[in-house]
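The values are calculated or read from the model by the stated rules, or taken from the named source; none is laboratory data. All of these numbers come straight from a predicted model, not from anything done at the bench. Here the Cβ positions follow ideal geometry from the backbone for every residue, glycine too, while neighbour counts run over all protein chains shown.
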Amino acid sequence: MTQEKPINNVGIIGCGWLGTAVAKALLVDNINVFATRSTIDNVAVLAELGINAEALLLPVTTPKSVEQLNQHRVFEQQSLVIAITPQFKQGRSDYGEKVAQLVNAAKHQGHVKRIILLSSSAVYNGLNQEVNEDTCLDFSADKVQILHEAEKVVLDFAQESQSKKAYVLRLAGLVGPNRHPGKFLLSGRMLKSPEAPVNLIHQQDAQKLILELLNTNVSTGIFNGVSQTHVNKKTYYQAAAKSLSLPEPQFCDAEEISTMRIVNGDKVQQVLSYQFVYPDLLTWL
């Protein structure tokens, strides 16, 4: 499905490992890309790849910095991909604030017609079942509330006008170039919950799903980005290490209660007619 007026320019905020892959694919299709990173050094890395970029540090905290954000060139683009990470492991809790500031800036300039938020399947934290986009969330963990509020801000963007669209892509754990799962445990740390199923997606599929959402005419909504591979962690990471001829990973005591959460990815296939490049991430190994 394509729009009546195909996209011709895209802004990518937080253009890291995944965002850079998306930018490269867009440039191959002769679509203008304007990206942001939080440091000048990382902006220079993007420039070396031929990606037009400027620095953008979030959140903004003063009236002057809010004004500067509202005038940032990334909001001159027709479509916006928000690819910033929550940084929960670094103790951050301002993800929702950052996303809200970005959406408000997009509204201020009035150029952006479509926003895609790259969210996380961590929003299903606390659930011990198969989950899909309609599953009721467990808000007992702060990070679930934070992710949910950020998603809502983006989805509400599309409520202002019929010409606007918004999508949330809840990505599972990312693997791919420079992120081989066989190396995840090289630091010597123990793998927790060995019997829990893996919920993963390859970078190439994540990238292609973002491109689908940039071009689709389907209604605003939430989509899970996850492969069909749901073997348990022990099986998967043993196979991953073996594929690189690395030592077998170590696992925590099996007495620990495993979370048997499986993230269902059927919606992208049914609604977007998406066919996964790597549906089986055991075969990819």
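Residue pairs whose Cβ atoms lie under 6 Å apart, sitting 6 or more positions apart in sequence or on different chains, and linking a residue in the range 107-121 that is more than 11 Å from V154 (Cα to Cα) to a partner that is part of a loop (DSSP other than H, G, I, E, B) and charged (D, E, K, R), are K113/K164.
For the range 196-211, indicate whether the set of residues that are more than 20 Å from V99 (Cα to Cα), without any contact (Cβ under 8 Å) to a residue 12 or more places away in the chain and either of a type outside the set (V, I, T) or surrounded by 21 or more Cβ atoms within 10 Å (Cβ to Cβ) (or both) is non-empty. No, that holds for no residue. Counting only residues that are farther than 21 Å from Y274 by Cβ and over 18 Å from the mean Cα position of the chain (by Cα), the range 158-180 holds 6 of them.
It is to be established whether one or more residues within the range 84-100 are of a type in the set (A, V, I, L, M), surrounded by fewer than 19 Cβ atoms within 10 Å (Cβ to Cβ), within 19 Å of the chain's Cα centre (by Cα) and at pLDDT 95 or above. Looking for residues that are of a type in the set (A, V, I, L, M), surrounded by fewer than 19 Cβ atoms within 10 Å (Cβ to Cβ), within 19 Å of the chain's Cα centre (by Cα) and at pLDDT 95 or above, one finds at least one in the range 84-100, hence yes. Among the residues of the range 26-46, those that are at negative phi, outside any helix (DSSP H, G or I) and surrounded by fewer than 18 Cβ atoms within 10 Å (Cβ to Cβ) comprise D29, N32, S38, T39. Yes or no: A23 in contact with a Leu (Cβ under 8 Å, 6 or more places away or on another chain), in contact (Cβ under 8 Å) with a residue 24 or more places away in the chain, assigned to a helix (DSSP H, G or I) and more than 19 Å from V154 (Cβ to Cβ)? Criteria met by A23.
So, in the range 47-86, how many residues would count as being free of Cβ contacts under 8 Å to residues at least 12 places away in the same chain and either among the acidic types (D, E) or touching a Phe, Trp or Tyr at 6+ places or on another chain (Cβ under 7 Å) (or both)? Residues meeting the conditions: 2. Any residue in the range 26-46 that's touching a residue at least 12 places away in the same chain (Cβ under 8 Å): show its pairings with residues that are in a strand (DSSP E or B) and polar (S, T, N, Q) at Cβ separation under 6 Å, as long as the two are six or more apart or on different chains. Qualifying pairs under 6 Å: N32/N9; F34/N52. For the range 212-227, the condition holds for at least one residue, the condition being that it is crowded, with 19+ Cβ neighbours inside 10 Å and more than 30 Å from E97 (Cβ to Cβ).
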